1. Note the full-extension length gain between B:Ser45 and B:Ala206 as 0.36 nm times their separation in residues minus their Cα-Cα distance, in nm to one decimal.
2. Pick out the long, greasy-scoring helices in chain A: whole DSSP H runs spanning 24 Å or more along their own axis by Cα, mean Kyte-Doolittle at least 0.5.
3. With θ taken as phi - 60° and the coefficients 6.51, -1.76 and 1.60, list the Karplus ³J(HN,Hα) couplings across the range C:42-48 in order, rounded to whole Hz; mark glycine and proline as x.
4. Among the lysines, which fall within straight-line cross-link reach of A:Lys76, defined as a Cα-Cα distance under 27 Å, with same-chain neighbours fewer than 8 residues apart omitted?
5. Quick one: compute the contact order of chain A, relative version, from alpha carbon pairs under 8 angstrom and 6+ residues apart, as a percent.
6. Using modelled amide H (1.01 Å from N, peptide plane; none on Pro or chain starts), what sits under 5 Å from the amide H of C:Phe36, excluding residues fewer than 5 places away?
7. Among B:Ile39, B:Ile59, B:Ile26, which one shows the biggest mean-square fluctuation in a GNM of chain B, springs joining Cα atoms closer than 10 Å?
8. Residues of the range D:180-205 with amide nitrogen under 13 Å from the 7 Å Cα-to-Cβ point of D:Arg121?
Amino acid sequence: MTIHRVIRHVQRYQGWVGGGAALCLTVGLYLGLLGSPPDYYQGEVVRIMYIHVPLAHTALLGYTVLAGGSAWYLWKRDPIIDNMCHAVAALSACFTALALLTGMIWGKPTWDTWWTWDARLTSFTVLLLILLGYLMVRTVVDDLDKAARYGAVLAILGFVDLPIIHFSVEWWRTLHQPQSISMRGVSIASGLLAPLVVMSVGMSLLFSYMLMIRTQLLYLNRLLDAKKGRLLHQFHMSKADS
Amino acid sequence: MTPFLKTIRWILWKDLVIELRCRETIASMVFFALIVILIFSFSFSMDQQAAHDVLAGMIWVAFAFTGMIGLGKSFSAELQNDCLEALQMAPVSRGTLYLGKVAANFAFMFVVEILLFPMFVILFNVDVVEDLSLLLVVFSLATAGLAAVGTLFAALTVHIRAREVMLPILLLPMVVPVMIAAVEATKGALNGDPLSLYRPWLELLAIFDVVFTIVSFWMFDFVMDA
Amino acid sequence: MNTLRMFYIRWGVVLAVAAGLVVLTAHHYRVHLASFAPREVASESPAGEIRVIGMVQSGTLTGDVSAGDATFTLAGQDASLPVAYQGPPPDNLREFKTLVAIGTWSASERVFQARDIGIVPNYGFVTGAYLVGLLPLALLLFTMSRRVSLLYEEMKASRLYQED
Amino acid sequence: MSMTAISCQHLGKAYGHYQVLHDVNLTLAPGECFTLLGPNGAGKTTLLKILATLQRPSEGHYEMLGMNGQTDRDALRSHFVFLAHSTHVYDDLNARENLAFALALRGQRPTDHDIKMALDRVHIGAFAEMKTRHYSAGMKKRLALARTMLARPRILLLDEPFTALDSDGTAIMRDYIGERLSDNGTVIMATHDPEQARPVTTRAGRLRHGTLQEIALDSCVRRNDGRDMQPDDAFS
């Protein structure tokens, strides 16, 4: 039995990606927690930014990969691409949820509220709902091929919708609550920028590494399933011959 | 008439004839909406001014959920005697089937909205003296948006378990822009604001309609075709 | 090499690095960023540069704040501390404000010589955010990798797959 | 025109765990009627659904009238009719409307006379204006047959064409199949009742656990020795 070409590549390179992620995250955490000065206005709380912003960036990156992968799947119909999309969706949902949670924790000391219907938070919530819908479709559809197609269609539609959602929510917010709570852009001094960049790169690498692992997981599950199916078939055939 | 338009017309004709014979979909949508109105009036004990303020929101909550019923039925009705299979084997492009179904769904939802709007106005004692034609434009644009995405998702959920639950779960997050724009524009039209104030919302609705009709038109291929 | 053993070795290294980072951070905050209450300063007289948390008592703020030269009293729960500030013009210095004064305690003059004023750090939120952000990811990654290793073992055992 | 009407190469279909079809090869010329036999769950309907473009094979490919079954689907669809187990009629339309709609989707516009002729031929002309909700199963099957007649396909895919039909209906169905064959049409018919299919069958095959084996036609008669024939042991 052979392993898919893509999985072979993943096996070869995953160590490098994982190592890079570990290195970047270690350096990033060191810089973020110890090596950078506190912010002039926000003080120590600004350190939450170094975990929150990379999580959010990575979630968006993941969604872009999901939409691209879905289009690719509809074109090529290669199950391995579908495995990749399925893996990306679960991870993106995870990163989106964590970005929302860390955002809430950051919001409490800075805005003095856990939640506000601000444009970014709202569109991230909708994004999370779309991703959860995607994952639900994948679990309730029994036929693998159908699940893959439906999921791909959903992902692409959601990707087209995302900018429209963000735009409309932002517009609606400015209409109803003219900047009562504004997201004051943190003046990014070079001391704050370095850990942010390193953490962002680290998170993207971590995402890629987790993606490689999860794609393998889904692929191997399906491979074993197929093998079991083949054994079942052979069993039937031997019974038919006897 | 081109074969393309003919097919769309035939699908619309078929759905309308069946609906006229049974009156199942529209009747259930209207009754459901009446119950929603009833529950609204219990939940918020409103004077006329308060009702006026939240009327647009209530209207669109009711429309969205009744629309969900109509959309769900549009494809589950095709499951009797596996008629959906016959549609799938029809030698026309999937997009044609999609547009035919969108037309039928739009017709049902729009008729229900026209029936329900006066009830909202009467039951909540709201004075509506303003130009109703603009309101019709708002309704039709927003309904087109709901129907464009909803038809695709109805086709997508028709074969999966728990489709009655899955359709709103998938559809509602996607149509957030439609809901926002529809509520804002309806509010503007009901208040008799100058058009320039809520014109951007109408434009947003129009953009949404165009974008999602085109995208769904392409995507319907992958939903319907094995 | 056994896939599963490799897996545990890898995660051992990750855990060690993580533990090292935690210890380093905790140490850093304890040594450099530990703060005192006014009562502790008065009674213990710690040497070197320290941080004191307290509220600016009303009516005690004198001097020219905008020029970066002021004296005030920092009140804790049951004691207060006279502070003389000299440094860049502070943003946060006003009455009834809880803040951090950074400087040295001169036990002879019974005055805290502050060179900087900071806002009260909120380590709870920071710690919470990092734990919430990183722990689930680590747990997810751990379970996934473990499952993949087990699957490879299963495939090897059933001779479905030969490694190159 | 090519001499093969249908050709399948190495068709396979798996639903997750279970391999339903395995390496199915089949070539049919115009004028042939292939009868697919086999026990329940052998994959007969799956094979027909793949040929009817309702499902995608997981392995292999097939051609009909020289058109690829995966890439030229839209063109292919106007050349065959799949008479499935379910009848594809709308319960709330009457027979005439059902026919008009189904044929309109195929781009055909039969006249009222054509429709009346077809309904008369399957002996339900008297019920043309009745909602098909009130039809019996056999009548719906006849209506589906009338639809097939009007569509005049070059390839007929039949799934259990004789179930629900009485002897009169069976005769009409067989007549129609014979007519298509003499008109150089091609028929694939799945059934577990070889006796009824035998008069029109030119070739036969047996699906078992997803594998297709062609069998000699004679064996259809040979085993007919009076005792009840079990579908499963029909040709073993």
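What follows is calculated from the coordinates using simple rules that are stated; it is not laboratory data. A quick note: this is a predicted structure, and the numbers were derived from the prediction, not measured. Quick reminder, even Gly has a Cβ in these numbers, built from the backbone with ideal geometry, and neighbours come from all protein chains shown.
1. 54.4 nm
2. Going by DSSP H runs, the hits are A:49-76, A:79-111, A:119-140, A:144-176, A:190-241.
3. 5, 8, 9, 6, x, 8, x
4. Reachable lysines: A:Lys146, A:Lys227, A:Lys228, D:Lys13, D:Lys49.
5. 35
6. C:Arg51, C:Val52, C:Ile53
7. B:Ile39
8. Answer for the range D:180-205: D:180-183.
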